[in-house]
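This report refers to the structure that appears directly beneath it.
The values are calculated or read from the model by the stated rules, or taken from the named source; none is laboratory data. Because the structure is a prediction, the values reported are computed rather than measured. Heads up, the Cβs are rebuilt from the backbone with ideal geometry, glycines too, and the neighbour counts pull from every protein chain shown. Keep in mind that these areas ignore ligands, DNA and RNA; they rest on the heavy atoms of the full protein, side chains included. Shrake-Rupley method; radii C 1.70, N 1.55, O 1.52, S 1.80 Å.
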Amino acid sequence: MAVLHLRHLTHHSLLSTSKLHHHFRFSPLKSPRFSCSASASSTMAKQVLVPIANGTEPMEAVITIDVIRRLGADVTVASVEKELRVDACHGVKIVADALVADCKNTVFDLIALPGGMPGASNFKDCGALESLVKKQAADGRLYAAVCASPAVALGSWGLLKGLKATCYPSFMEQLQSCATAVESRVQQDGKVVTSRGPGTTMEFAVTLVEQLYGKEKADEVSGPLVMRPNHGDEYTITELNPLEWKCNNVPQVLVPIADGSEEMEAVMIIDILRRAKANVVVASVGDNLEILASRKVKLVADMLLDEAAKLTYDLVVLPGGLGGAQAFAKSDKLVNLLKKQAESNKPYGAICASPALVLEPHGLLKGKKATAYPAMCDKLSDQSHIDNRVVVDGNLITSRGPGTSMEFALGIVEKFFGRPKALELAKGLLVVRQ
């Protein structure tokens, strides 16, 4: 399982619980490392490698890991750097399960490269990863890349020659020199799958699930994600009782996390709000900075909630995930913080299970229209607007699940910075067409 460190926090390592055989080598000066030795087999869980590097796009990495793990695949997150920890984009730090060099004896059913710069360039310069992916291609097994990585890594290695492929728009010219470049959101040609950016990564990941497990299983995964029905269309939010959301220059935003929080939702909210230049504080509701998220990605908060609660915020916003929402609901400090926010007519919000399990039972939806994860909507006392993907009612914003998280975060950006800024971000993310 991967460990995600947010910003400059304490270095941690968490060893994978996959069904690979792990051989550990301990050093007092370095993080634990392991080498992998396994072979792809129909009788065992699918073996998947997701490399990461300094400058990797964290949304692309976490979405790919999370979605593929939903069907029980053993996903090994491997660093191309000398250490397990990498400095990903937007202040997120990820600690891998292994070093890429330690995975050279493993046979993977899939190798999937997230994008981000300079992450893709660091992939290209990693000889061990190049050898792994070239062998994957030579053996006729599945490999994939998103964002900058199709052009910068796969193309540079000569692995897209004669194949149709896509990538992030600003890298299309480079891609044209090494592949038949197309503008599809997700493109498959033989055993290669490529995609464009953060806003297409969930589609990319579901396509990879289909290649590994078949269309029926892909549909089984995609339904609960609450994905967009019309990918690329301009996003919309449903707003009632419009209220101006105010801040002093830079919005101060609190994002609590807890054991069982949905990592895709948390990372998308954090990443997008930081892109908009909001000051995002990630606070652990438990006794430790480290939390184990719902799909076994470990997140490390900036501070404990006890410390975070001493500050004031322009917005308090809760990710979902069943276990996380239950922990939020039991936290008197967090509930009191939310109540204070509501009483002061300051913005607060929640997505997925959190509107139903946190806001509703504590009276924070009284007189408000809201939505939540579809299976949780029967817990809402007012269900008149549950079918909307993002609902804003005055100082409250709610949304449905992982597949609505980008729209949810963009809705927050829109309320603080205006729709033009939100649409500019949405186009850069490939949530909407450029």
Report summary line: For the stretch 46-58, Karplus-derived ³J(HN,Hα) couplings (6.51, -1.76, 1.60; θ = phi - 60°; whole Hz; x for glycine and proline) come out as 4, 9, 10, 10, 10, x, 9, 8, 4, x, 5, 6, x
Query raised in the report: How much accessible surface area, in Å² rounded to 10, belongs to the heavy atoms of M172 with a 1.4 Å probe?
Result: 20
Report summary line: Rounded to the nearest 5, the percent of antiparallel DSSP beta bridges in the stretch 62-170 equals 35
Query raised in the report: Counting only protein heavy atoms and using a 1.4 Å probe, what share of the accessible area of the chain belongs to carbon plus sulfur, as a whole percent?
Result: 48
Report summary line: For the chain, the dipole about the Cα centre with charges only on Cβ (Lys and Arg +1, Asp and Glu -1), to the nearest 20 debye, works out at 500
Report task. Would you look at the GNM of the chain, springs on alpha carbons closer than 10 Å, and say which of V391, V267, V182 moves the most? Result -> V182
Requested in this report: Beyond 24 Å between alpha-carbons counts as too far, so tell me which of K298/K427; K379/K427; K310/K346 fall in that bin.
Outcome: K298/K427; K379/K427
Requested in this report: With both partners inside the chain, how many of the DSSP beta bridges are antiparallel, as a percent to the nearest 5?
Outcome: 35
Query raised in the report: Hey, in the GNM for the chain with a 10 angstrom Cα cutoff, which one of T76, T200, T236 fluctuates hardest?
Result: T236
Query raised in the report: In terms of solvent-accessible area of protein heavy atoms at a 1.4 angstrom probe, what is the ranking of K346, K296, highest value first?
Result: K296, K346
Query raised in the report: With every protein chain present, what is the per residue accessible area of the stretch 47-225 (1.4 Å probe, Å²)?
Result: 32
Query - Sequence-separation-based contact order of the stretch 351-434, relative, with Cα cut under 8 Å and 6+ spacing, percent - result: 23
Requested in this report: Skip the ligands, DNA and RNA, and give the accessible area per residue of the stretch 289-348 with a 1.4 Å probe, whole Å².
Outcome: 43
Query raised in the report: Can you give the percent of C-alpha pairs in the chain whose distance is more than 37 Å?
Result: 21
Query raised in the report: To the nearest 20 debye, what is the magnitude of the charge dipole of the stretch 47-225 about its Cα centre, counting +1 on the Cβ of each Lys and Arg and -1 on the Cβ of each Asp and Glu?
Result: 300
Report summary line: Applied in sequence order to the stretch 397-409, the curve 6.51 cos²θ - 1.76 cosθ + 1.60 (Karplus, θ = phi - 60°) yields integer Hz couplings, x standing for Gly and Pro, of 10, 9, 7, 9, x, x, x, 10, 5, 5, 4, 4, 5
**Report entry** Lysine pairs with alpha-carbon atoms under 23 Å apart, the stretch 47-225, spacing 8 or more or separate chains
**Finding:** 26
Report summary line: One point scatterer per Cα, no solvent, Debye formula: log10 I(q)/I(0) for the stretch 47-225 at q = 0.08 Å⁻¹ comes out as -0.20
Query raised in the report: When the helix-only estimate is applied to the chain (DSSP H runs of n ≥ 4, each -39,500 (n - 2.57), divided by the residue count), what is the mean residue ellipticity at 222 nm, nearest 500 deg cm²/dmol?
Result: -8000 deg cm²/dmol
Query - Enclosed volume per residue, in Å³, of the convex hull spanned by Cα atoms of the stretch 326-394 - result: 76
Query raised in the report: Using Cα atoms only, what is the angle between the long axis of helix 127-138 and the major principal axis of the chain, expressed in degrees (0 to 90) to the nearest 10?
Result: 80
Requested in this report: Show which aspartates and glutamates lie in cross-link reach of K366 when reach means a straight Cα distance below 15 angstrom and same-chain residues fewer than eight apart are skipped.
Outcome: E343, D382, D393
Query raised in the report: In whole percent, what relative contact order does the chain give with Cα contacts below 8 Å and a gap of six or more residues?
Result: 14
Query raised in the report: How would you rank 147-154, 422-429, highest first, on the average number of other Cβ atoms within 10 Å across their residues?
Result: 147-154, 422-429
Report task. Would you work out the relative contact order for the stretch 238-429, in percent, from Cα pairs under 8 angstrom that are 6 or more residues apart? Result -> 23
Query raised in the report: Where is the GNM fluctuation largest for the chain (alpha-carbon springs, 10 angstrom cutoff): D233, D314, D387?
Result: D233
Query raised in the report: For the stretch 238-429, what is the Kirkwood hydrodynamic radius in Å, using each pair of distinct C-alpha atoms?
Result: 16.0
Requested in this report: Could you pull the accessible area for E83 with a 1.4 Å probe, rounded to 10 Å²?
Outcome: 70
Query raised in the report: So who's got an amide H within less than 5 Å of the one on V432, skipping anything under 5 residues away but keeping other chains? H placed 1.01 Å off N, in plane.
Result: K427
Report task. Starting from the Cα of S184, move 7 Å in the Cα-to-Cβ direction to define the label point; list residues of the stretch 106-143 whose amide nitrogen is under 15 Å from there. Result -> 143
Query raised in the report: In whole Hz, what ³J(HN,Hα) sequence does the stretch 220-226 give by Karplus (6.51, -1.76, 1.60; θ = phi - 60°), x for Gly and Pro?
Result: 5, 7, 5, x, x, 6, 6
Report summary line: Label model pair N279, S384: point-to-point distance (7 angstrom along the Cα→beta-carbon line) in nm is 3.8
Requested in this report: Would you pull out the residues with amide H under 5 Å of I397's amide H, same chain only if 5 or more places away, H placed 1.01 Å from N?
Outcome: Y348, G349, A350
Report task. Give the distance, in whole Å, between the Cα centre of the stretch 141-191 and the Cα centre of the stretch 46-65. Result -> 17
